[in-house]
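The values are calculated or read from the model by the stated rules, or taken from the named source; none is laboratory data. Here the structure is a predicted model, which means the values were calculated and not measured. Because the Cβ atoms are built from the backbone with ideal geometry, glycine has one as well, and the counts that use them run over all protein chains shown.
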Ligand SMILES: CC/C=C\C/C=C/C(=O)SCCNC(=O)CCNC(=O)[C@H](O)C(C)(C)COP(=O)(O)OP(=O)(O)OC[C@H]1O[C@@H](n2cnc3c(N)ncnc32)[C@H](O)[C@@H]1OP(=O)(O)O
């Protein structure tokens, strides 16, 4: 919908009305077409202003419409009609002008923005390109290099940067609509030809071919298989080399391919999934909209190792006052220096003052007496954490929320050691905690809805993709990672190499394959866990029985590497070799390959040829299968929760939508069939046994992913 008013006697004011972001739905497009026509045909109107209601200009095309039959007037002729108008049309940009919203503004003759507004063409992040003329108009307005940067990254720019680039004509700190109306009056009657961007050539650019070649190479490298960034470069190239009409034809062709692609579906699914996980719910029936978070003004972090430092920075950057506690003086001093450095670097990047005064350092746990929330980040040891929780329960004011940063420990056990288990939740941060997007908020059976709501809200404030998950070993992310890593080990035993496995996974789109990732995080981490589980035995035994532990197939390869002191990058040796400890470039290691040969000989294993397809099926389907177990157990509320966790914290390629979305795309019946196939070949591997939920979903006709929730409920009620 678009509302029309005449203001200041001779300015037609068009207001887009489609909460919450004034997306360009069919009704809004129709409204714009009608009101523009009305303004242009009214002889009393000398100029026109277009704005959006509720302080937001326009969030772009209505993404929900993309999966239905599009009706209503198309965007391109609508924008063209505005640009060809014989009266000046001014866009009054508050809040956001994104995607089709900015394309609409580029069709206007002038653009006035509020200083807090953000502008951008983020279509690439939805697997698309700015196909309402944006890929053709923006390079003509701001030049090819700047347009390439904005269109291929989808980044949003501030009003100040937009002014500097020449996207907007004026920035105001005051009422944007009033400024735009005043501006519209001042330009009434002026020639509009120079203001019609589509009629301009692109600004001259020396050595265009070399520029495009360089950009294309960079984009291919960072895209990791995503096709939209490449199409964006091709569309801008058309703008730079073809007349406008032909450029528009190229834009249309490229968009036609992207629009129906699986990648666009995956990326748009991620967009909505990220928003859906904020609407969390617990098996008890508690939900986001019925649970009120507690106000948090002051927080504390206990333990200032790598995780505690990152968490302190993340909290301080939200403007909270933070008490950072470390009992050892030397470590406290080192942490203070490191945290100050991180705050300073972060503030520099964001052009703000560092929140150094927001952090108070203390060696004494008593200092946290009056905080609203504590995040304990001491060493991953249940006895130590229990002790800290007992101290905190004695020291903190009544009602203080006690959060534990743990990647695998039992949150409920910890809660049961405190007098108020309802105040305890897990907050599983990922290293480095001030950088990584993901936060798993872990609730136990006794966590109160208010405690979960508070942790979720705090996560959002810290800019995290926060996902509420149930309490189980490894929660969601690490629990699914276990079968994935185990399959990779088994593949090595059977004849694969770390290079082959990593290459298959990296070609799939992971930034790092499983072995390069393990080298980065440290092989000793898993070793310690396996030792704790009683799985590690001396490596001298041979044969099949030496590779069966606790009744299931077990590969001791990781343990054997650790026994050699090969902990990964930090020791300069792991699954690969590195120039020196801490170096990041992984190189082929002849030692590792002869070690694998000797290991296979010792255990009577005959190496066979393994292809990329087997690597992907075994590693990914084992991980996905665990995802189905997690859904069946009610640990994750829906497939979106799992997918957001994997895309934002585990490097799953976003253009493949997350593991559960991927399973849906591949076809549940196919995933089931391949799991059954591998399970027959490896009966001693329980994680290849298809989950009963997967079987039940296939038996009920493999409903599409957005219907899994209903299907799971129905299937559970039939049990
Ligand atoms: C045929 C096509 C031809 C031409 C090409 C044009 C293509 C496009 O324009 S594609 C769309 C490009 N626009 C975007 O990618 C912007 C997406 N939106 C955002 O980035 C943000 O929503 C925002 C910055 C505009 C506002 O952020 P915030 O205030 O944090 O709100 P939320 O993100 O939580 O969003 C609130 C609510 O609105 C829904 N929503 C947002 N944008 C759209 C949209 N473009 N279409 C449909 N719905 C949108 C969002 O999903 C939230 O609702 P739910 O919580 O119910 O999911």
Examine region 655-670 for a residue that is without any contact (Cβ under 8 Å) to a residue 24 or more places away in the chain and in a helix (DSSP H, G or I), and state whether such a residue exists. yes
Please count how many residues of region 278-290 are assigned to a loop (DSSP other than H, G, I, E, B) and within 15 Å of the ligand (Cβ to nearest atom). 5
What are the pairs with Cβ atoms under 7 angstrom where one residue, in region 67-96, is farther than 18 Å from residue 33 by Cβ and the other, located anywhere, is part of a helix (DSSP H, G or I) and within 15 Å of the ligand (Cβ to nearest atom)? Sequence gap at least six, or different chains. 93/105; 94/55; 95/55
Tell me, yes or no, whether region 267-274 has at least one residue that is within 16 Å of the ligand (Cβ to nearest atom) and modelled with pLDDT under 95. no
Tell me which residues, restricted to region 73-95, are part of a loop (DSSP other than H, G, I, E, B) and within 15 Å of the ligand (Cβ to nearest atom). 73, 74, 94, 95
Region 399-410: number of residues that are under 28 Å from the mean Cα position of the chain (by Cα) and either more than 20 Å from residue 477 (Cβ to Cβ) or modelled with pLDDT under 95 (or both): 7
When residues of region 54-72 are limited to those that are part of a loop (DSSP other than H, G, I, E, B) and closer than 10 Å to residue 24 by Cβ, the one farthest from the ligand (Cβ to nearest atom): 72
Examine region 104-112 for a residue that is under 26 Å from residue 273 (Cβ atoms) and within 12 Å of the ligand (Cβ to nearest atom), and state whether such a residue exists. no
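For the structure I just gave you, tell me whether residue 119 is more than 8 Å from the ligand (Cβ to nearest atom), closer than 24 Å to residue 231 by Cβ and part of a strand (DSSP E or B).
Against the criterion (more than 8 Å from the ligand (Cβ to nearest atom), closer than 24 Å to residue 231 by Cβ and part of a strand (DSSP E or B)), residue 119 qualifies.
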Checked pairs for region 52-63, first under 15 Å from residue 94 (Cβ atoms) and free of Cβ contacts under 8 Å to residues at least 60 places away in the same chain, second in a loop (DSSP other than H, G, I, E, B) and near the ligand (Cβ under 10 Å from one of its atoms), C-beta under 6 Å and 6 or more apart or across chains, list as 52/22; 55/95; 56/21; 56/22; 56/95; 58/22; 59/21; 59/23
Subset of region 538-565 (residues that are touching a strand residue (DSSP E or B) at 6+ places or on another chain (Cβ under 8 Å), surrounded by 13 or more Cβ atoms within 10 Å (Cβ to Cβ) and more than 19 Å from residue 501 (Cα to Cα)): 547, 564
Can residue 293 be described as in a loop (DSSP other than H, G, I, E, B) and surrounded by 17 or more Cβ atoms within 10 Å (Cβ to Cβ)? yes
Tell me, yes or no, whether region 338-356 has at least one residue that is more than 31 Å from the chain's Cα centre (by Cα) and closer than 20 Å to residue 458 by Cβ. no
Within region 240-260, the count of residues that are in contact with a helix residue (DSSP H, G or I) (Cβ under 8 Å, 6 or more places away or on another chain) and closer than 16 Å to residue 657 by Cα comes to 2
Would you confirm, using the coordinates I've provided, whether residue 435 is touching a strand residue (DSSP E or B) at 6+ places or on another chain (Cβ under 8 Å) and surrounded by fewer than 24 Cβ atoms within 10 Å (Cβ to Cβ)? no
Confirm whether residue 237 is surrounded by 15 or more Cβ atoms within 10 Å (Cβ to Cβ), away from the ligand (no atom under 16 Å from the Cβ) and modelled with pLDDT under 95. no
Residue satisfying condition, being without any contact (Cβ under 8 Å) to a residue 12 or more places away in the chain and within 12 Å of the ligand (Cβ to nearest atom), within set 256, 264, 245: 256
